[in-house]
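These notes are about the structure you will find just below.
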Amino acid sequence: MDEKLLNQIPHIDEIAHRGVYNGVGPKHTDTFLERYSRENKVLPSLEDAIRATGLKDGMTISFHHHFRGGDHVVNQVVDKLAEMGFKNLTLAASSLAAVHAPLIDHIKNGVITHIETSGLRGELAEQVSRGLMDCPIVFRSHGGRAAAIRSGELHIDVAFLGAPSCDPYGNANGYSREEGGTIACGSMGYARTDAEYADKVVILTNRLVGYPNAPWAIPEDNVDYIVYMEDIGDPKGIMSGATRYTKNPKELLIAQTAANVIDAAGYFYDGFSMQMGSGGASLATARFLRDMMLERKIRCRFALGGITGQIAAMHEEGLIDRILDVQSFDLDAARSLKLNRFHHQISATYYASFLSAAAVDQLDFVILSALEIDTDFNVNVLTGSDGVIRGAIGGHPDTAAGASLSVVVAPLTRGRIPCVIDKVNTIVTPGSVVDVVVTDQGVAVNPRRPEVAKKLRKAGIHVYTIQELKDKAEALVGKPDPIRYKDRVVGVVMYRNNTIIDVIRQIDED
Amino acid sequence: MQLKKTAVAGTMESGDIMITIEPKDAGGVDLDLSSNVMQQYGRQIEAVIRETLSGLGIENAAVQAVDKGALDCTVRARVSAAAFRAAESSDYQWEVRK
């Protein structure tokens with residue numbers, strides 16, 4: 001093809017092209033095995049990988065929280081970044097746990113100056129609530145974070161993603177099908193969104209396996225560098241064996257009532273869809289639903305979200321057709337993800353992003369827990385009764401908004417602390433997407449849903465007003481004095497569409 | 001009620017309060033209260049303790065209270081029990097409470 005011929009092509013300026021073909025370089029002739037050991041993305045050390053990414057002061061780094069309390073990635077990476085002299089970084093994790101307390105020193109020495117996360121616990125949360133950071137922490141839901149990453153509101157320069165298995169080209173997964181053990185975290189749904197959108201992606205793995213590591217959570221075309229590290233997480237902290245069923249009679253009563261509410265409201269039918277939280281009462285609700293499904297011979301089309309062994313067991317006995325798993329909560333769930341072809345791994349975007357039709361929008365019902373619920377049905381899952389941060393937004397507002405019936409379960413009181421109160425300390429999920437509140441001492445239906453209240457009454461379930469539940473709690477434990485806060489804002493809480501729904505202030509202990 | 005010795009009632013279990021009462025000659029009631037719900041209920045717990053003591057006719061005492069989220073009825077019961085033990089008295093005034 002001659003350059004001059006270009007002029008003879010009509011509309012050539014409208015056809016995207018890269019000029020005229022001028023040959024290719026030498027084609028490789030060595031074997032796959034030879035290439036494989038020579039040309040790959042594995043770098044000798046974390047330090048090499050950090051340098052290769054071109055990370056600079058002021059940039060944003062990200063992490064996933066699939067290793068939960070057993071995570072050893074965040075601390076090792078940030079230690080290394082501090083050692084290499086980086087400053088002024090934004091740390092955007094899908095969530096943080098008590099194990100991340102060492103970040104306190106890196107905040108004090110200026111390595112980390114801003115944090116985005118779904119939640120915060122332990123000593124780091126305590127100190128943040130007491131004013132550790134200059135710039136407030138931004139709290140987003142799992143769906144809100146996925147949306148912010150896609151829209152660019154949260155731009156990730158470098159993602160450091162721990163993976164229990166990875167091949168030399170970057171196909172990474174939360175378990176391994178190869179011989180020989182590794183740690184397992186099951187689904188890596190939250191990490192998928194980071195891998196897709198981050199400018200540079202580094203996989204940190206404790207187990208390099210042969211190419212191609214199929215099936216994968218993260219495909220190689222999303223990955224730039226790979227580092228082998230002996231220790232990326234402690235299996236004991238990542239997940240426990242099986243999540244146990246509660247024996248607490250209060251929780252069992254709440255669970256039984258929640259199951260009855262779902263049935264009476266008309267959302268329990270052949271082919272329904274559901275999501276269960278991992279709290280005691282919501283797990284127990286699954287057990288009551290299971291009995292009802294067997295009795296009436298009906299099946300669930302799909303279960304969504306954080307998946308537990310209970311859901312996996314119901315899938316294996318044929319009661320749930322499909323599982324959409326963004327995060328596996330226990331080893332039984334992780335095992336099922338590995339073995340069952342219809343137990344499917346999904347990304348945070350697919351799970352809950354408001355920017356696209358997400359799986360949460362197909363939910364019939366969701367069972368959600370709460371620290372506090374107020375008389376406007378607003379829910380707090382982020383700050384404790386003393387005003388200190390001690391929780392995570394998770395998918396709470398995403399699923400409450402998406403599900404046709406959102407059921408919030410909580411004991412009426414925890415010790416002396418009432419759970420139904422005048423005004424929640426922090427609004428995480430607005431009352432406008434909360435439909436039913438189930439406590440051990442009664443059920444309340446949001447006045448927005450009079451048809452639900454009517455159906456519950458018809459089924460013989462006593463429906464209280466939320467005010468009546470609040471009064472019951474107060475009669476028992478007294479009216480609490482309000483938490484004292486200072487003016488200073490230490491946390492900004494985003495609703496799932498990334499509008500600011502509330503702020504968290506520094507607690508006042510003077 | 002005349003306090004004769006140091007006495008204790010209650011436990012450190014969740015939902016309970018541990019009260020230690022020590023006799024004192026003068027100076028009113030010294031109260032050292034700690035609670036896991038201090039911000040929300042500290043004021044009310046203190047009021048209930050002082051009210052219960054004055055109801056028993058105790059004007060001077062050193063009281064240590066370690067609260068783990070006890071309800072008012074529990075606080076009253078533990079303070080009364082500690083006071084009767086400190087007074088070496090079993091002259092309980094039983095009554096029906098509503």
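Quick one: what do you get for the protein assembly as shown if you divide its Cα Rg by 2.2 N^0.38 Å? Numbers along the way, then the final one.
Values: Rg = 28.9 Å, N = 608, 2.2 N^0.38 = 25.1 Å.
Output field value: 1.15.
Can you check what the net charge comes to around A:Ala93, using other residues whose Cβ is under 13 Å from the Cβ of A:Ala93 (Lys, Arg +1; Asp, Glu -1)? Display every interim value, and only then the final one.
Numbers: positive: A:Arg68, A:Arg121, A:Arg140, A:Arg145; negative: A:Asp71, A:Glu116, A:Asp194.
Every neighbour counted, the sum reads +1.
Mind scanning A:Lys250/A:Lys472; A:Lys486/B:Lys68; A:Lys4/A:Lys27; A:Lys87/A:Lys486; A:Lys87/A:Lys200 and naming the pairs with a C-alpha gap bigger than 21 Å? Spell out each step's value before the answer.
Working: A:Lys250/A:Lys472 16 Å; A:Lys486/B:Lys68 26 Å; A:Lys4/A:Lys27 28 Å; A:Lys87/A:Lys486 29 Å; A:Lys87/A:Lys200 19 Å.
Listed pairs above 21 Å: A:Lys486/B:Lys68; A:Lys4/A:Lys27; A:Lys87/A:Lys486.
Which value in nm describes the separation of the simple spin-label points at A:Glu178 and A:Tyr21, placed 7 Å from the Cα toward the beta carbon?
3.9
So how far apart, in nm, are the two label points at A:Thr465 and A:His155 if each is 7 Å from Cα heading toward Cβ?
Simple spin-label model gives 5.2 nm for this pair.
Using only Cα atoms, locate the centre of segment B:47-98 and the centre of segment A:306-330, then give the distance between them in Å, rounded to an integer.
So the separation of the two Cα centres works out to 53 Å.
Give the ranking of A:Asp134, A:Asp386 by solvent-accessible surface, highest area first, calculated with a 1.4 Å probe. Don't jump to the answer; show the numbers that get you there.
Values: A:Asp134 145, A:Asp386 55 Å².
Heavy-atom accessible area, descending, gives A:Asp134, A:Asp386.
What number comes out for the charge environment of A:Val111, summing +1 per Lys or Arg and -1 per Asp or Glu over other residues with Cβ under 11 Å away?
Details: positive: A:Lys80, A:Lys87, A:Lys108; negative: A:Asp57, A:Asp79, A:Glu83, A:Asp105.
That sum, taken over residues with Cβ under 11 Å, equals -1.
State, in angstrom, two size descriptors of segment A:38-238 derived from its alpha carbons: Rg to one decimal place and Dmax to the nearest whole number.
Gyration radius and largest Cα-Cα distance of segment A:38-238: 15.7, 51 Å.
What angle, in degrees between 0 and 90 and rounded to the nearest 10, separates the Cα long axis of helix B:72-86 from the longest principal axis of the Cα atoms of chain B?
30
Work out the mean other chain Cβ neighbour count within 10 Å for the residues of B:69-77 and drop it here as an integer. Provide the component values of the computation, followed by the final result.
Values: counts 6, 2, 6, 4, 0, 1, 0, 0, 0.
Mean partner shielding for this stretch: 2.
Mind pulling the angle between the C-alpha long axis of helix B:38-55 and the longest principal axis of chain B? Nearest 10 degrees, somewhere in 0 to 90.
20
A:Lys247: which aspartates and glutamates have alpha carbons under 18 Å from its alpha carbon, excluding same-chain residues fewer than 8 sequence positions away?
Leaving aside aspartates and glutamates fewer than 8 places away in the same chain, those within reach of A:Lys247 are A:Asp291, A:Asp440.
Using a 1.4 angstrom probe on protein heavy atoms only, which residues from segment B:30-63 are buried by at least 20 Å² of accessible area when all chains are present rather than their own chain alone?
For segment B:30-63, once contacts with the other chains are taken into account, B:Val37, B:Gln39, B:Gln40, B:Tyr41, B:Arg43, B:Gln44 lose 20 Å² or more.
Measure off, as a whole percent, the carbon and sulfur share of the 1.4 Å-probe accessible area of segment B:7-86, all protein chains present. Mind showing how you got there, number by number?
Numbers: 1690 of 3540 Å².
With neighbouring chains kept in place, the figure for segment B:7-86 is 48 percent.
Divide the volume of the convex hull of the Cα atoms of segment A:230-380 by its number of residues and quote the answer in cubic angstrom per residue.
149
What is the antiparallel percent of DSSP beta bridges lying wholly in segment A:249-483, to the nearest 5?
The antiparallel proportion sits near 25 percent.
If I histogram all Cα-Cα distances within segment A:249-483 using bins 5 Å wide from 0, what percent of pairs lands in each bin?
Pair shares across the bins are 1, 7, 15, 19, 20, 16, 11, 7, 3, 1, 0.
Express the accessible area of segment A:247-316 per residue in Å², computed with a 1.4 Å probe while the remaining protein chains stay in the model. Could you put the intermediate results ahead of the total?
Working: 2660 Å² over 70 residues.
Each residue of segment A:247-316 exposes 38 Å² on average to a 1.4 Å probe.
Take peptide A:299-310, look around each residue's Cβ out to 10 angstrom, count Cβ atoms belonging to other protein chains, and average those counts. Walk me through the numbers on the way to the answer.
Details: counts 0, 0, 0, 0, 0, 0, 0, 0, 0, 0, 0, 0.
The shielding value for this peptide is 0.
Provide the FRET efficiency to the nearest 0.05 for the B:Met12-A:Cys135 pair, computing r from the beta carbons and using R0 = 56 Å.
Details: r = 40 Å, r/R0 = 0.71.
Once rounded, the FRET efficiency stands at 0.90.
Quick check: convex hull over the Cα atoms of chain B, volume per residue in Å³, rounded to an integer? Kindly include the intermediate steps, with their values, before the conclusion.
Details: hull volume 8.8 nm³, N = 98.
Taking the convex hull of the Cα positions in chain B, it is 89 Å³ per residue.
Give the accessible area for A:Asp224 in Å² (nearest 10); use a 1.4 Å probe, count only protein heavy atoms, and leave out ligands, DNA and RNA.
Approximately 50 Å² of A:Asp224 is accessible to the 1.4 Å probe.
How many angstrom lie between the Cα centre of segment A:121-184 and the Cα centre of segment A:1-78?
22
Based on alpha-carbon positions alone, could you give the equivalent ellipsoid semi-axes of segment A:295-418 from the gyration tensor, as √(5λ), descending, whole Å? It would help to have the intermediate numbers written out before the result.
Values: eigenvalues 157, 54, 47 Å².
Taking √(5λ) for each Cα gyration eigenvalue gives 28, 16, 15 Å.
Tell me which residues come under 5 Å, amide H to amide H, from A:Gly277 once H is placed; ignore anything under 5 positions away on its chain.
A:Ile367
Taking the Cβ of A:Thr383 as the centre, find all other residues whose Cβ is under 10 Å away and add up their charges (Lys, Arg: +1; Asp, Glu: -1).
Numbers: positive: A:Arg390, A:Arg505; negative: A:Glu372, A:Asp386, A:Asp502.
Once positives and negatives cancel, what remains is -1.
What length, rounded to one decimal in nm, is gained on full extension from A:Ala98 through to A:Arg35, with 0.36 nm per residue of separation minus their alpha-carbon distance? Write out the running numbers ahead of the final one.
Numbers: separation 63, 0.36 × 63 = 22.68 nm, distance 4.29 nm.
Going from the current span to full extension adds 18.4 nm.
Rounded to the nearest 500 deg cm²/dmol, what is the calculated helix-only ellipticity per residue at 222 nm for the protein assembly as shown, with -39500 (n - 2.57) per DSSP H run of length n ≥ 4? Numbers along the way, then the final one.
Details: 18 runs with 179 residues, N = 608.
Mean residue ellipticity at 222 nm (helix-derived): -8500 deg cm²/dmol.
Which FRET efficiency value, to the nearest 0.05, do you get for B:Asp30 and A:Lys108 by plugging their Cβ-Cβ distance into 1/(1 + (r/R0)^6) with R0 = 45 Å? Before the final figure, lay out the partial values.
Values: r = 39 Å, r/R0 = 0.87.
For B:Asp30 and A:Lys108, the calculated efficiency is 0.70.
Using only protein heavy atoms and a 1.4 angstrom probe, determine the accessible area buried between A and B, summed over both sides, in Å² to the nearest 100.
Numbers: alone 21530 and 6150 Å², together 26510 Å².
Answer for the A-B pair: about 1200 Å² buried.
Sorting check: for A:115-125, B:32-42, which peptide has the highest mean count of neighbouring beta carbons within 10 Å, and how do the rest follow? Kindly include the intermediate steps, with their values, before the conclusion.
Working: A:115-125: 22.7, B:32-42: 17.7.
Ranked by mean Cβ neighbours within 10 Å, highest first: A:115-125, B:32-42.
For A:Ile115, what residues show an amide H to amide H distance below 5 Å, using hydrogens built from the backbone and excluding near sequence neighbours?
Answer set, sorted by chain and number: A:Leu91, A:Val138.
Accessible area per residue of segment A:331-437 at 1.4 Å probe, in Å²? Show your work: numbers first, answer last.
Working: 2980 Å² over 107 residues.
Heavy-atom accessible area per residue stands at 28 Å².
Within the accessible area of segment A:301-436, what % is carbon and sulfur when the probe is 1.4 Å and the other protein chains stay in place? Write out the running numbers ahead of the final one.
Values: 1870 of 3700 Å².
So the carbon and sulfur contribution to the accessible surface is 51 percent.
Report, to the nearest 10°, how far helix A:466-477 tilts away from the longest principal axis of the Cα atoms in chain A, using its own Cα long axis and a range of 0 to 90°.
Approximately 80 degrees, to the nearest 10.
Please give the Cα centre distance for segment A:279-294 versus segment A:383-409, rounded to the nearest Å.
20
Using the Karplus curve 6.51 cos²θ - 1.76 cosθ + 1.60 with θ = phi - 60°, what ³J(HN,Hα) values do you get for each residue of segment A:182-199, in whole Hz, with x for Gly and Pro?
Running phi through 6.51 cos²θ - 1.76 cosθ + 1.60 with θ = phi - 60° gives 8, 6, 9, 10, x, 4, 10, x, 5, 5, 4, 5, 4, 4, 6, 9, 5, 4 Hz.
Any chance you could list P(r) for segment A:267-310, counting all Cα-Cα pairs in 5 angstrom bins from zero, rounded to whole %?
Calculated P(r), rounded to whole percents: 5, 22, 33, 26, 13, 1.
The values are calculated or read from the model by the stated rules, or taken from the named source; none is laboratory data. Being a predicted model, the structure only gives us computed values, none of them experimental. Counting neighbours? That spans all protein chains shown, and the Cβs are built from the backbone with ideal geometry, glycine included. The protein model used for the area step is the full one, side chains on, heavy atoms only, and it has no ligands, DNA or RNA in it. Shrake-Rupley method; radii C 1.70, N 1.55, O 1.52, S 1.80 Å.
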